[in-house]
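The structure appears below as structure tokens.
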Amino acid sequence: MNSGIILLAHGSRRETANDVLTQLANMVQDDLNSDKVSRAFLQFSTPGLEEALREQVEAGIKEITVVPVFLFNGIHLEEDIPQLLNSERDKYPEVKIIFAEPIGADRRIGEIIKDRIKEVREGEGVSGNHPGTS
């Protein structure tokens, strides 16, 4: 195994919120079982990006793709993460660290949104006990 993937999310103080990234990482790992898939958070939870990168490098991974699990561009995507990755590239010049595009406004996300609307309208979605419902 010479390649790795790190799914990077913002992070939350609520561990149940962070569990979603673990679920996504497991899904990706199941589909790409030849790659080592890890998760990392920018804030509020562990492991941080530096720790996740270090673990993959120590496992002998020579090419790591960092996938930001973000919908919106902002200072983290435009400044914080690129600066952090440049610093990590300096630490590990023998490792190719690739920064993938964020999820953003992908048509497939639009399809998921439409599916959720359809589910709710057909009575299959979340009921009134979910935040934001009345």
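Going by the alpha-carbon gyration tensor, a ≥ b ≥ c the square roots of its eigenvalues, is the stretch 3-103 rounded (a/c under 1.5) or, if a/c is not under 1.5, prolate (a/b greater than b/c) versus oblate?
Oblate is the answer for the stretch 3-103, as a/c is 1.5 or above yet b/c matches or exceeds a/b.
To the nearest 10 degrees, how steeply does helix 107-121 sit against the main Cα axis of the chain, on a 0 to 90 scale?
Approximately 30 degrees, to the nearest ten.
What is the helix-to-structure angle for 15-31, meaning the angle in degrees between its Cα long axis and the longest Cα principal axis of the chain, kept from 0 to 90 and rounded to the nearest 10?
70 degrees
Could you please report the charge total around Pro82, scoring K, R as +1 and D, E as -1 over all other residues with beta-carbon less than 12 angstrom from its beta-carbon?
-3
In whole Å, what is the distance between the alpha-carbon centres of the stretch 64-128 and the stretch 13-49?
The stretch 64-128 and the stretch 13-49 have Cα centres separated by 12 Å.
With Cβ to Cβ distances under 14 Å as the rule, what net charge do the other residues near Arg108 carry (K, R +1; D, E -1)?
-1
Mind checking which lysines have their Cα closer than 29 Å to the Cα of Lys96? Skip sequence neighbours fewer than 8 apart in that chain.
Lys36, Lys62
How much net charge surrounds Ile5 when only other residues with a Cβ under 9 Å from its Cβ are counted (Lys, Arg +1; Asp, Glu -1)?
Net charge around Ile5: 0.
To the nearest 10 degrees, how steeply does helix 81-91 sit against the main Cα axis of the chain, on a 0 to 90 scale?
Tilt of helix 81-91: around 30 degrees.
From the helices alone, meaning DSSP H stretches of at least four residues, give me the mean residue ellipticity at 222 nm for the chain, per-run term -39500 (n - 2.57), in deg cm²/dmol to the nearest 500.
Theoretical 222 nm ellipticity from helices: -12500 deg cm²/dmol.
Every number in this text was worked out from the coordinates using simple rules, so none of it is lab data. All values reported here derive from a predicted model rather than from experimental measurement. Cβ coordinates were reconstructed from backbone atoms using ideal geometry, including for glycine residues, and neighbour counts include every protein chain displayed.
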